[in-house]
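First comes the structure, then the notes that go with it.
The values are calculated or read from the model by the stated rules, or taken from the named source; none is laboratory data. Values in this document were obtained by computation on a predicted structure and should not be read as measured data. Here the Cβ is made from the backbone with ideal geometry for all residues, glycine too, and neighbour counts use every protein chain on show. Remember, those area values only see protein heavy atoms, side chains included, never the ligands or the DNA or RNA. Shrake-Rupley method; radii C 1.70, N 1.55, O 1.52, S 1.80 Å.
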Amino acid sequence: MKALLPTGVPGSLVEPGSVDQPEPGPGEALVKVEAFSINRGEVLQLHRPRPGSRPGKDVAGLVVQAAADGSGPRVGQRVVAHLPDAGWAEYAAAPTDAVAVLPDSVSTVTAAALPLAGLTALRLLRTAGCVAGCKVLITGASGGVGHYFVELAAAAGASVTAVTASPERGRRLLELGAAAVVHDLDDARGPFGSVLESVGGASLPRALALLAPGGSLLWFGQASREPATLSFFDFFKGPLSATIRHFSYADSAEPYRTDLEALVRLVADGRLHPEIGRLADWSKTAEALDDLRERRITGKAVLTIGQ
C-alpha cells in the first residue's frame, strides 16, 4: 500500500513510499483511511524520526476488516481512531479500544480533526475538576487543544481567560465562550483557581503568580521549547499552598474509545466545533507540515486520501 515515510530532511519531512498492508492483531480493526490530521508534536518528532517509525496518530475512515476477537466496530462502519503511529497510509490497524463509530452527521474529514487535541482538552477539563463558576486561565490557547478546552470549559460553567498572540484566534475564542482574551499574561485579571500552562519558559512562573491561594497549575506543554525556572519564593507572590501538576493526556483510566465517543457525540449535537485550517490531498502533506511548523495555519490541518 501507499504510505508517507519520514525522511528526517527539514523542508521535506515526509515522502511517498510503499509498505506492506498491516495485518491486524486480534483486538485491532483494519481501517481504510479517508482522512488524517497533523499534530504539532508529530512535526517535532519528524525532525528526528526513530528508525523504522512511521507517522500518524489521528485518522478517520471505513472499517474493512473487523477485529478477530469480536470487539469494536463492524465492517462497513465509519470510524475515527487515535493510533500509536503509522496512520498516514492507505490502511491502518486500529486498536478497538481507541476507535469510535461515526454517525451520519459527522464526516470523516471533521472527525479526523478530533482525536489528540480533543482528548487532551477533555482530559484536561476532567483533571481540573469542577470548574463551574470558577476562573480558569489557559496559555497558548491558539491551537487545537486551546480551542476545544475553551469551548468545553465554558459549557461547563467556567469563566475562561485565554492567552493567545493572535487577534484573529482571540476573536474566535470569544465566540466559543471565552470570558476574556489577552495577548500578554500581564493583562490577565486573576487570581485564577486553575491555570493550564502549555508554553513553558518564562511563561510558567508568570502564570503561576496568577494562581489563587490553594489553586492548581496543570503543565501540559512547552511550546516555547525553552526551559522553565522556578523559585520556591515564587509561591509567595500570591499562590500560597498552590500545586503544580504535570499532565499527560495518555495517563487516564478511561480508554481512548470512551472519550472519543463523547467527543463525537458533542460534535453531532452541535456542542463542539472542530476547525479545519487547511484541507488538502495527502500529496500536500509536506507543505502542510511546513505551514504548521511556521504557524501559518489556524485550526487543524486535515489531509484526505483519494482511493
Computed accessible area, THR258, all protein chains, 1.4 angstrom probe, square angstrom: 50 Å²
With angles folded into 0 to 90 degrees, how steeply does helix 144-155 sit against the dominant principal axis of the chain? Use alpha carbons for both and round to 10. 60 degrees
State the antiparallel share, in %, of DSSP beta bridges confined to the chain, rounding to the nearest 5. 55 percent
Could you grab the relative contact order for the chain? Cα pairs under 8 Å, six or more apart, rounded to a whole percent. 18 percent
Under 27 Å from LYS32, Cα to Cα: lysines that are on another chain or at least 8 residues apart: LYS2, LYS57, LYS284, LYS300
On the protein heavy atoms, probe 1.4 angstrom, tell me the percent of accessible surface of the chain carried by carbon and sulfur. 51 percent
Using a cut-off of 15 Å between beta-carbons, work out the net charge of the residues near PRO167 (Lys and Arg +1, Asp and Glu -1, PRO167 not included). 0
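How much of the calculated P(r) for region 35-127 lies past 15 Å, in percent of all Cα pairs? Could you put the intermediate results ahead of the total?
Values: 2592 of 4278 pairs.
Counting pairs separated by more than 15 Å, the tail of P(r) holds 61 percent.
Two decimals, Cα atoms only, Kirkwood Rh: what is Rg/Rh over region 151-190? Don't jump to the answer; show the numbers that get you there.
On the way: Rg = 9.7 Å, Rh = 10.1 Å.
Using Cα coordinates only, the ratio equals 0.95.
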Debye log10 I(q)/I(0) for the chain, one point scatterer per Cα, at q = 0.11, 0.15 Å⁻¹: -0.67, -1.16
Send over the semi-axes of region 186-307's equivalent ellipsoid, whole angstrom and largest first, taken as the square roots of 5 times the C-alpha gyration tensor eigenvalues. 35, 20, 13
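How big is the equivalent ellipsoid of region 126-251 along its three axes, where each semi-axis is √(5λ) from the Cα gyration tensor, reported in whole Å from largest to smallest? Before the final figure, lay out the partial values.
Working: eigenvalues 85, 51, 40 Å².
Values for region 126-251, descending: 21, 16, 14 Å.
Accessible area per residue of the chain at 1.4 Å probe, in Å²? Working shown, then result.
On the way: 13770 Å² over 307 residues.
On a per-residue basis, 45 Å².
Counting only other residues whose beta carbon sits under 10 Å from that of THR298, what net charge do I get with K and R as +1, D and E as -1? Please report the intermediate quantities before stating the final value.
Working: positive: ARG169, ARG172, ARG278, ARG295, ARG296, LYS300; negative: GLU168, GLU275.
Here the charged neighbours net out to +4.
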Only Cα pairs under 8 Å and at least 6 apart count here; give the relative contact order of region 1-144 as a rounded whole percent. 25 percent
